[in-house]
Amino acid sequence: MLEPDGEVDADARWMRVALEAARAAATERNEVPIGACVVSLAGELLAVAGNRTRTDCDPTAHAEIIALRAAARRIENYRLAGAVVYSTIEPCAMCAGALVQARVRRLVYGARDERAGAVESIFRICDASSLNHRMELTAGVLEAECRELMQAFFRARREK
């Protein structure tokens, strides 16, 4: 298990991986710049993804869902017990529900989503006592960078 300072460094390191996936989603596919990655308890990168909803014509192709699917295939188990998911933005209701179903140990996200966040902002799906699984939550990792990436994307779209 990581020491507290080691955990903070690891969180920033993995959030940078998610940020790169978010940037690629925006620049390569004109997708909303959200990225996610799944890391095993041993610190191995299992999957990384950016949004693909427009590219795949799939409303479920959020970065978190794509990363969870890829990680589950990689370990050949739909349960990702012990895994940590890093997301640049607070997950929506669909993604938060998928994190619960996957039995993720911990969620780390960058910026809050005041309009659709289902982890802390609007709903509390990931630690709801009525559900059969709850996970550790860490918010605000590289928050300013994650928020600015989203704001710049939407600012550029409004200017067109």
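If you go through segment 116-160 and keep only what is under 20 Å from HIS62 (Cα atoms), open to solvent by 60 Å² or more (accessible area, probe 1.4 Å) and either in contact with an Asp or Glu (Cβ under 9 Å, 6 or more places away or on another chain) or at pLDDT 95 or above (or both), you end up with ILE122, PHE123, ARG124, GLU143, GLU145, ARG147, GLU148, GLN151. Filtering segment 74-116 to residues that are over 12 Å from GLU64 (Cα atoms), of a type in the set (D, E, K, R) and free of Cβ contacts under 8 Å to residues at least 60 places away in the same chain leaves ARG74, GLU76, ARG79, ARG103, ARG106, ARG112, ASP113, GLU114, ARG115. Restricting attention to segment 119-126, does a residue exist that is assigned to a helix (DSSP H, G or I) and touching a residue at least 24 places away in the same chain (Cβ under 8 Å)? No, segment 119-126 has no match at all. The set of residues in segment 140-157 that are assigned to a helix (DSSP H, G or I) and under 12 Å from ALA111 (Cβ atoms) comprises GLU143, ALA144, GLU145, CYS146, ARG147, GLU148, LEU149, MET150, GLN151.
Scanning segment 44-68 for residues that are open to solvent by 20 Å² or more (accessible area, probe 1.4 Å) and either among the acidic types (Asp, Glu) or modelled with pLDDT under 95 (or both) yields GLU44, ASP56, ASP58.
Against the list (1) under 19 Å from ASP113 (Cα atoms); (2) part of a loop (DSSP other than H, G, I, E, B), the condition MET15 fails is (2). What are the residues in segment 98-115 that are surrounded by fewer than 22 Cβ atoms within 10 Å (Cβ to Cβ) and out of contact with any Pro (no Cβ under 9 Å at 6 or more places or on another chain), if any? Within segment 98-115, VAL100, GLN101, ARG103, ARG105, ARG106, ARG112, GLU114, ARG115 meet the criteria. Within segment 22-40, the residues that satisfy the criterion of being part of a loop (DSSP other than H, G, I, E, B) and more than 14 Å from the chain's Cα centre (by Cα) are ASN30, GLU31, SER40.
The values are calculated or read from the model by the stated rules, or taken from the named source; none is laboratory data. As the structure is a prediction and not an experimental result, all values here were calculated from the model. Every residue, glycine as well, gets a Cβ built from its backbone with ideal geometry; the counts of neighbours run over all protein chains shown. Note: accessible area is taken over every heavy atom of the protein model, side chains too, but ligands, DNA and RNA are not part of it. Shrake-Rupley method; radii C 1.70, N 1.55, O 1.52, S 1.80 Å.
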